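Take a look at the structure below.
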Amino acid sequence: MTGQLSILGCGFVADLYMRSLAAMPGLAVAQVHDHDPDRLARFCAHWGLRAEPSLDRFLAQAPAGGVVLNLTNPGAHYALNRAVLEAGHHVYCEKPLALTLAEAEDLHQLAAAHGLLLASAPCSVLGETAQTLGHALRHGIAGTPRAIYAELDDGFVPQAAYDRWHSESGAPWPWEDEFRVGCTLEHGGYYLTWLISWFGSVRTVVAASAEVLPDKGGLGPTAPDLSVAVLFFDHGPVTRLTCSIAAPHDHGISIVGDAGVLRCKAAWDNAAPVRFARRFTLRRRLMEHPLPRRLRLPQPTHPKVKRWGAAAMNFMLGPAEMLEALRDNRPCRLSADFALHLTEVTLAIQNAGETGGAQRMTTRCAPMEPMPWAM
């Protein structure tokens, strides 16, 4: 495939996109803009890209029919997404799409009015592991799914050496943004996208969230750093999702079906193994098979990226999906409806606090069409 991308923002995550770009033949970056001229110069020198210091010229020069990647800090997402859409360009935004539901709805309406694509990270939902689980669910490998437990715990991050984490081109990990925005908004989407892609709309969110690690980085009160949610889908099993930067590292997901359990232990690895443990009885004892069977899709699936830091993910799967949808004149799997619903569910969990209780969702989206190699 071929496609022109423009990168808006060249902080820590932008290097992960560039590492992924190397695995995606046909994709090219036309230009890069960042409000910090020094950061812009270092990033473009490292990757051999063309810098555009002016935002106005960046928007005016973005290739027609291409996609603008908004990789800026979360607080700038709404204003810059709006500026890109108003300039007539399709936009793929790093998570979260916006910091309020009202802002996300405004972007959704604006994209529809201009006939433009609007998509939100993360795109690991298009990866081999998520698609393998989706294939197993559609084909009833574990029988009817009855309950799902999903964990996104990253360890006791405030005690980590996060002030020494730097990207390949030298950008520091944006710890202040991470703590102020909160781990649920930053990371909850890694499993929420998978779940929504399989089952469609979440009807009700019952959640609680809290800041259990106060004064992170000397910032004083920040966003909740622990959340627990129970999700009720229109058409899917009851799901419990936890997210924290306090509990020991655990990125596992378990899908409990009538016939056994589907499991994966790594949300941030596109090639993480998916295994099925059949349930049976032995001498009156109910148990799961001690040697679970690994499930594999026919190869090839998509280009893989080697592990860097905590992740082994191809960050360009999302932009590539948008460009392919535009080329083929078909609906994009990462639709604006999908992005809006993901944002509403994530915000409901993040903002639940101690008394949020049951929250009815107001947005809807359909399950995602599987990738052609995962049918």
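Every read-out reported here was derived from the displayed coordinates using simple, explicitly stated rules and does not represent laboratory data. None of these values were measured; they are calculated from a predicted model. Neighbour counts are summed over all protein chains in view; Cβ atoms, including those assigned to glycine, are modelled from backbone coordinates with ideal geometry.
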| note | Counting only DSSP beta bridges fully inside the stretch 112-247, the antiparallel percentage to nearest 5 is 70 percent
| field | Under the Karplus curve 6.51 cos²θ - 1.76 cosθ + 1.60, θ = phi - 60°, whole-Hz ³J(HN,Hα) for the stretch 8-23, x wherever Gly or Pro sits | value | 10, x, 10, x, 3, 6, 4, 5, 5, 5, 5, 4, 5, 4, 4, 8
| Per-pair calculated FRET efficiency, R0 = 25 Å: Asp328 and Arg50 via Cβ, rounded to 0.05 | 0.35
| query | By average Cβ neighbour count within 10 Å, what is the ranking of 67-76, 354-363 from highest down? | reply | 67-76, 354-363
| query | Angle, helix 317-328 long axis vs. longest principal axis of the chain, Cα atoms, 0 to 90°, nearest 10? | reply | 70 degrees
| message | Taking the alpha-carbon distance from Lys304 and a cut-off under 27 Å, which lysines remain once sequence neighbours fewer than 8 residues away in the same chain are dropped? | response | Lys95, Lys265
| task | Work out, step by step, the length gained on full extension between Glu369 and Ala247: first 0.36 nm times the residue separation, then minus their alpha carbon distance; give nm to one decimal. | result | 40.5 nm
| Rel. contact order, % - alpha carbon contacts under 8 angstrom, at least six apart, the stretch 3-120 | 24 percent
| said: From the mean inverse distance of alpha carbon pairs (Kirkwood) and the Cα radius of gyration, derive Rg over Rh for the chain. | reply: 0.96
| remark: Going residue by residue through the stretch 156-167, the Karplus relation 6.51 cos²θ - 1.76 cosθ + 1.60 with θ = phi - 60° gives ³J(HN,Hα) values, rounded to whole Hz and with x marking Gly or Pro, of 7, 4, x, 9, 7, 8, 5, 6, 10, 7, 9, 7
| query | Projected onto the charge dipole of the stretch 169-274 (+1 at Lys/Arg Cβ, -1 at Asp/Glu Cβ, origin at the Cα centre), which of Ile245, Val228, Gly260 gives the Cα projection farthest towards the positive end? | reply | Gly260
| message | With every atom except the alpha carbons ignored, what do you get for Rg and Dmax of the stretch 3-120, in angstroms? | response | 13.5, 38
| message | Quick query: amide H of Ala312 versus all other amide H atoms, modeled in the peptide plane; which residues come in under 5 Å with a sequence gap of 5 or more or a different chain? | response | Asp269, Asn270
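I'd like the FRET efficiency for Ala161 and Ala210, computed as 1/(1 + (r/R0)^6) with the beta carbon distance as r and R0 of 22 Å, rounded to 0.05.
According to the calculation, E is roughly 0.30.
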| remark: Any residue on another chain or 5+ positions along whose placed amide H is under 5 Å from the amide H of Ala147 is listed here as Val256
| note | Under the Karplus relation with 6.51, -1.76 and 1.60 and θ = phi - 60°, whole-Hz ³J(HN,Hα) for the stretch 24-35, x at Gly and Pro, equal 10, x, x, 8, 9, 9, 7, 6, 9, 10, 8, 6
| field | Modelled label reach - Thr100, point 7 Å along Cα→Cβ, the stretch 348-367 residues with backbone N closer than 15 Å | value | 348, 351
| task | Quick one: net charge around Trp173, please, counting Lys, Arg +1 and Asp, Glu -1 for every other residue with C-beta under 9 Å from its C-beta. | result | -1
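So what is the relative contact order of the stretch 89-220, in percent, for Cα pairs below 8 Å that sit 6 or more residues apart? Please report the intermediate quantities before stating the final value.
On the way: 76 pairs, mean separation 32.8, N = 132.
Computed over the stretch 89-220, the figure is 25 percent.
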| Helix 101-114 versus the longest principal axis of the chain: what angle, 0 to 90°, nearest 10, using Cα atoms? | 60 degrees
| query | How high is the FRET efficiency between Thr144 and Leu282 when r is their beta carbon distance and R₀ equals 25 Å, given to the nearest 0.05? | reply | 0.60
